[in-house]
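Worksheet for the structure shown next.
The values are calculated or read from the model by the stated rules, or taken from the named source; none is laboratory data. The structure presented is a predicted model; accordingly, all values stated were derived computationally and were not measured. Cβ atoms come from the backbone with ideal geometry, glycine included; neighbour counts cover every protein chain shown. Keep in mind that these areas ignore ligands, DNA and RNA; they rest on the heavy atoms of the full protein, side chains included. Shrake-Rupley method; radii C 1.70, N 1.55, O 1.52, S 1.80 Å.
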Amino acid sequence: MHALKKNRPLRRIVLASAATVSGMVLLLSLKPHTGPTLASASGKSPSVSSSSAPSAGGSSSPGGSGQGTGTGSRTATGNTVRTRWGPVQVRVTIRGGTLTDVTAVDYPQDNPRDQEINSYALPQLRREALAAQSAQIDTVSGATYTSDGYRQSLQSALDSAGL
């Protein structure tokens, strides 16, 4: 038999082994994400702060309810909702019984893909919440877990604020 034909099986074994080891190294280097759970049982509780402030942004005095007045301003932070890709938490501002601002306080941003998704999803979720004046908002395509967490945290913030 020819000398090269004897080495082919060994050569294939070496190449297959190298490919298997490389694949295992790549697989084990991936960072797993946690499963979706609500943090309301043991996590942060919603917080509410109230102030009665002039519209020009002057000094505020804590303790005012802000309900029924045109100048009353309240902020409430919703529960932190644990999603598959990370926590989501929302803060709302209410003036005169109207939702005037929604801010994502915490959201997934651990990797470039999370940052890319949330750069378009969060502004869209904010617009929808302000338009709906409630947590009855649509899910953003491609950001399902963030949308669900946003909606749950928004609802808990609105409940805390009494809206």
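For Val105, the accessible surface of its heavy atoms amounts to roughly 60 Å² (probe 1.4 Å, protein chains only, rounded to the nearest 10). Distance between the pseudo-spin-label points of Ser141 and Leu15 (7 Å out from Cα toward the beta carbon): 4.3 nm.
Across the protein chains, with a 1.4 Å probe defining accessible surface, the residues Ile13, Ile117 rank Ile13, Ile117 from largest area downward.
Taking the square roots of 5 times each eigenvalue of the Cα gyration tensor of the stretch 95-134, largest first, gives ellipsoid semi-axes of 25, 10, 5 Å. In the complete set of protein chains, residue-level accessible area for Asp101 is approximately 50 Å², probe 1.4 angstrom. Each residue, Leu30 and Thr98, gets one label point 7 Å from its Cα in the Cβ direction; the gap between the two is 4.8 nm. Once the convex hull of all Cα atoms in the stretch 77-163 is built, its volume per residue stands at 71 Å³.
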